[in-house]
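Encoded as structure tokens, the structure appears first; notes follow it.
The values are calculated or read from the model by the stated rules, or taken from the named source; none is laboratory data. As the structure is a computational prediction, the values presented were derived from the model and not from experiment. Reconstructed Cβ throughout: ideal geometry from the backbone, glycine too, with neighbour counts over all protein chains shown. Note: areas computed on protein heavy atoms with side chains; ligands, DNA, RNA excluded. Shrake-Rupley method; radii C 1.70, N 1.55, O 1.52, S 1.80 Å.
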Amino acid sequence: MTNKLEFQPGPSDDREIREHADPIMAILARLHDDPAIADMVALRLSRPDLRDAAVKAEAHRNAYGWSVSQDGVGALERIALLTIAGAHAMIVAIFPVGNLDDVDAKVAMQPSRDWLANWQGSGDYVRGRIAQAAFSPGQLAVPPQPDVSERESAVYPWPVNGFDLDAEVESLPSRGIYTPEQLPVLAAFAAEGLDMRAVLAKARDYFAAADRLFAEALRPSPAMHRTRLAAEGALIAGYLSCAQIAVWPARRGTGDRDAKLAVQELINGRARTADPLHMQAAIRHGFTFTSTVLRGAPHVFVEVRLGEWMENI
């Protein structure tokens, strides 16, 4: 796929651009400072379009690749593009599978054989494994059998039914995302950053709520099913919050660096629980999105050197 993207009309105003640029915040906006059980259940039962999120993740990643060679696109805009790509990818990774469309989206986001070979060739045998685990649809999600005759050639390509992420991105009208006039808004969005300490505090609250609700759901009662749904909703909220911190670069002169290190410690602690492995892997994968681009704006962002991860994936 060529890394070429024309910036075309997209969101119409600054507010819409920011909502478009922070899809995780748009999902978590339903949870106020003191969410009720019903709010957590609603989050668990919400059905984000994971195929759409996968397409947006890939389109923004391609836009970033294209922007690197464009003089009119600055470092902050490029960082915003990759951060937005990471946020959409985290939604695909963290939300559980509900149907075969969700399976298609997750499988499409897994690294290709070429990417795995590239990472392994450079001596990085862990990154590909983490990415595959992050987008694992689960052992029980079995796609339908492809409509292929056994007489078909096993060597030459043949049409395979299903979700083709590359084709979906190629089919976007003008592959458009933003107009040139909207680029300054993207730059401001990246420079403003995320209040990581506040998001970290919410993540801890969500995880604590999930642990309490999971324990409560074990007690036989008429409400045990909804309690379980609420627990899963709180767990999703916790991991989405950590994903926000993972994909955003750390700003200088703030508590962002400490917040990122605290997220790693928090996820290492969750590795000792029964949390789904794909959620834990998603956060580790999320940290890779901005690690290579923040050098373009060293006056704004600082590199964060993480410690060791728990090897449970």
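Key figures
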| read-out | value |
| --- | --- |
| 1.4 Å probe accessible area per residue over the stretch 18-75, in Å² | 48 Å² |
| For the stretch 75-91, 3J(HN,Hα) per residue [Karplus equation, 6.51 cos²θ - 1.76 cosθ + 1.60, θ = phi - 60°, Hz, x = Gly/Pro] | 4, 5, 4, 5, 5, 4, 4, 6, 5, 5, 4, x, 5, 5, 4, 5, 5 |
| Whole-number accessible area per residue in Å² for the stretch 168-303, which is evaluated in the context of all protein chains at 1.4 Å | 44 Å² |
| ³J(HN,Hα), Karplus 6.51/-1.76/1.60, whole Hz, each residue of the stretch 215-221, x for Gly, Pro | 5, 5, 5, 6, 7, x, 6 |
| FRET efficiency estimate (nearest 0.05) - Cβ-Cβ, Ser291 to Ala208, R0 25 angstrom | 0.30 |
| Under the Karplus curve 6.51 cos²θ - 1.76 cosθ + 1.60, θ = phi - 60°, whole-Hz ³J(HN,Hα) for the stretch 252-257, x wherever Gly or Pro sits | 5, x, 10, x, 4, 4 |
| Protection proxy ranking, peptides 221-229, 250-258, 79-87, average beta carbon neighbours within 10 Å, highest first | 79-87, 250-258, 221-229 |
| Histogram of C-alpha separations across the stretch 195-256, 10 Å bin width, % | 24, 39, 22, 12, 3, 0 |
| Peptides ranked, highest mean first, by Cβ atoms within 10 Å: ranges 91-104, 23-36 | 91-104, 23-36 |
| Under 5 Å, built H, 5+ apart or other chain: amide partners of Ala250 | Val302 |
| Whole-percent carbon and sulfur share, accessible surface of the stretch 177-313, 1.4 Å | 55 percent |
| Nitroxide proxy distance, nm - points 7 Å out along Cα→Cβ at Leu218 and His299 | 5.6 nm |
| Accessible surface, 1.4 Å probe, highest first, among residues Glu216, Glu265 | Glu265, Glu216 |
| For Tyr178, residues with placed amide H under 5 Å, excluding near neighbours | Gln8 |
